[in-house]
Amino acid sequence: MFHWLEQRPFFFAVAVFLVVAFAGIIEIIPDFAKQSKPVVGTKPYTILELTGRHVYIKDSCNACHSQLIRPFKSETDRYGMYSLSGEYAYDRPFLWGSKRTGPDLWRVGNYRTTDWHENHMWDPKSVVPGSIMPAYKHHFTNIADVETAYAEAYTVKAVFNTPYDVDINGDGSVDVPLGTWEEAKARALEEARAIAADMKNQSVKDAVARGEIPEIVALIAYMNSLK
Amino acid sequence: MKSMWIGGIILIVALMAGTYIVAGDAFNLGEDYINDLTMLAGLAIISITVFVALKYIQQIKNDKAGGELAEDNWDGIGEYKNPIPTGWGLAFIGTLVWLFWYWTVGYPTSGFSQIGQYNEEVLEYNAKYEAKWANADEATLKAMGESLYLVNCAPCHGVDANGIDGKAQNLTQRISKESVVYAIKNGGNNFVTHYPGGMPGGLLYEDADINAVANWIANGAKGEAPEAFTTGTCNSCHGDDARGIAMVGPNLVSYDNDMITAVLDDGKKGNIGIMPAFKGMLNETQYKALGSYLRSIGE
């Protein structure tokens, strides 16, 4: 057999690939089955949170901020409980990031508030002296793209079976509703109103009252969902 | 040849000295065994590299091919029937033995996990922490509280605790007039763990009464309590001197430890905004330390 392969470079290459791939397959496949299961309590992002996630990605927050708390005492002291793989089950893609110019944000919803994020995005130095983060004042005027977020949620629901419109924890009610575009839009606006109520910027409040959702509101919804 | 060996040893010493100059502060024997092992491994790698290189340079210079030639030859190129070097053979077999041990026994039974390591680290740290700070005095608690404050509280309350222009509670005073007015009008049920009753809103409804109580409390409850405080049922929960009653109403005059614990455990929503809860992120000693620090900056 080996003699036969030695004389045929193409089949030799195929055989090498198969041998090497085998190790990868037996390492990776069981992990898919085991670890991609969401941790109990993990829910898909709501439309508004998903919109904020898009803002987060669009403005490359992940270039400086990571979202992965490692199991070291020093990390958990500062950021909270270390991250588990199942918590990222509905993150497409995950935003672990590799650099920590700014702090880790995976559990930022536990120790920062709507109000704080508002101040921080308007003028980072006002709450963190010495911060080198730029101000993101355009978040207060730009209108967030809820349509794309709905499209994404609809897609992952249809393609990856992400549990929108499903009773996840078995208490008889739908945990994260998605519904039609009209329903989703109304629900996003409702969430946005709750957040704007905790904010101080009048133009943002006005925009939400008019039925528009500024990027800052969506981003804060996303930040508050990270816990 | 002798000069080459001497040169080799000098090179090793120079490389080690270089390493020590660059990373010498990590070389405290016994402090962290990982660093010590790394230095030891560094020494081994440098020495082996230098001596092996020297050996081969010597061989290239001096050795002549020798031994019995195999019968076959390929276009005039022959092969000696010399055995493999003993050291290489032993290393090969040794590696095989180690491999089978490691795959079948060593790795599966070592049971290492990063989270296991984390748990051990935390247990060890907590035990050390308990032992070290079991009976910390006030000055120690104050210093500890200050560093805790700068990490956990300063992002909202400001480095000098003035609340950054109304972004959060000004911690240099116990309570502001606005907060008292807000609480009287809207009630409060923030501290469900420590003051489970909560406070209903609208216990005082005359503006004059509300103002009188708010002024008196914001000024540190000095002197005679206003009539509205004693007759408006404020005192039945917060006490006649406004210093609080355990499990019933929090202290309105100073940041006592019960009050601090309540805020940190449950968070708070008042006239300024929401404060997140810090339960689970800080331990009891740290709560006490924060209390000591906050009392020290208020005076």
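The values are calculated or read from the model by the stated rules, or taken from the named source; none is laboratory data. Since we're looking at a predicted model, the values are computed, not measured. Neighbour counts run over all protein chains shown; Cβ positions are idealised from the backbone, glycine included. With ligands, DNA and RNA removed, areas are computed over all heavy atoms of the protein, side chains included. Shrake-Rupley method; radii C 1.70, N 1.55, O 1.52, S 1.80 Å.
Miscellaneous remarks
- Screening the candidates A:86, A:24, A:52, A:80 for the property of being within 19 Å of residue A:224 (Cβ to Cβ) and modelled with pLDDT under 90 yields one hit, A:80.
- Residue count for the range A:31-49 under the criterion of being at pLDDT below 80, part of a loop (DSSP other than H, G, I, E, B) and in contact with a helix residue (DSSP H, G or I) (Cβ under 6 Å, 6 or more places away or on another chain): the result is 1.
- The set of residues in the range B:244-279 that are among the small types (Gly, Ala, Ser) and touching a helix residue (DSSP H, G or I) at 6+ places or on another chain (Cβ under 9 Å) comprises B:244, B:246, B:249, B:254, B:270, B:273, B:277.
- Helices (runs of 4 or more DSSP H) contained entirely in the range A:130-218, each with at least 1 residues that are within 23 Å of residue A:114 (Cβ to Cβ), open to solvent by 50 Å² or more (accessible area, probe 1.4 Å) and of a type in the set (A, V, I, L, M, F, W, C): A:181-197, A:202-210
- Hits in the range A:76-118 - residues which are part of a helix (DSSP H, G or I), of a type outside the set (Val, Ile, Thr) and more than 20 Å from residue A:57 (Cα to Cα): A:77, A:78, A:79, A:85, A:86, A:110, A:111, A:115, A:116
- Matching residues in the range B:163-178 - criterion: being assigned to a loop (DSSP other than H, G, I, E, B) and in contact (Cβ under 8 Å) with a residue 24 or more places away in the chain: B:163, B:166, B:167, B:168, B:169, B:171, B:172, B:173, B:174, B:175, B:176
- Candidates are the residues of the range A:65-96 that are more than 14 Å from chain B (Cβ to nearest Cβ) and in contact with a helix residue (DSSP H, G or I) (Cβ under 7 Å, 6 or more places away or on another chain); the one that is least open to solvent (accessible area, probe 1.4 Å) is A:95.
- Filtered by the rule that a residue be without any contact (Cβ under 8 Å) to a residue 24 or more places away in the chain, more than 8 Å from chain A (Cβ to nearest Cβ) and under 16 Å from the mean Cα position of the chain (by Cα), the range B:143-162 gives B:147, B:150.
- Residue match in the range B:170-181 (condition: facing another protein chain (nearest Cβ under 10 Å) and open to solvent by 30 Å² or more (accessible area, probe 1.4 Å)): no
- Among the residues of the range A:119-130, those identified as in contact with a helix residue (DSSP H, G or I) (Cβ under 7 Å, 6 or more places away or on another chain) and within 10 Å of chain B (Cβ to nearest Cβ) are A:119, A:120, A:126, A:127, A:128.
- Counting only residues that are outside any loop (DSSP other than H, G, I, E, B), surrounded by 19 or more Cβ atoms within 10 Å (Cβ to Cβ) and free of Cβ contacts under 8 Å to residues at least 60 places away in the same chain, the range B:218-267 holds 8 of them.
- Any hit, the range A:137-153, residues being within 14 Å of another protein chain (Cβ to nearest Cβ), more than 21 Å from residue A:43 (Cβ to Cβ) and either without any contact (Cβ under 8 Å) to a residue 24 or more places away in the chain or more than 18 Å from the chain's Cα centre (by Cα) (or both): no
- Filter pass, residue B:119 being assigned to a helix (DSSP H, G or I), surrounded by 17 or more Cβ atoms within 10 Å (Cβ to Cβ), within 9 Å of chain A (Cβ to nearest Cβ) and of a type in the set (S, T, N, Q): no
- Test: residue B:287 is modelled with pLDDT of 90 or more and open to solvent by less than 50 Å² (accessible area, probe 1.4 Å): yes
- Some residue of the range B:62-75 being loosely packed, with under 11 Cβ neighbours inside 10 Å and at pLDDT 90 or above: no
- Within the range A:6-30, residues that are in a helix (DSSP H, G or I) have Cβ atoms under 9 Å from residues that are of a type in the set (Lys, Arg) and surrounded by 11 or more Cβ atoms within 10 Å (Cβ to Cβ) in no pair, counting only partners at least 6 apart in sequence or on another chain.
- Applying a threshold of 7 Å to beta carbon distances and a minimum spacing of six or more residues, or different chains, the list of pairs starting in the range B:52-63 at a residue that is closer than 15 Å to residue B:5 by Cα and ending at one that is at pLDDT below 90 reads B:54/B:4; B:54/B:5; B:54/B:8; B:58/B:1.
- Filtered residues of the range B:251-295 (kept if over 25 Å from residue B:129 (Cα atoms), among the small types (Gly, Ala, Ser) and either touching a strand residue (DSSP E or B) at 6+ places or on another chain (Cβ under 9 Å) or more than 14 Å from chain A (Cβ to nearest Cβ) (or both)): B:254, B:267, B:270
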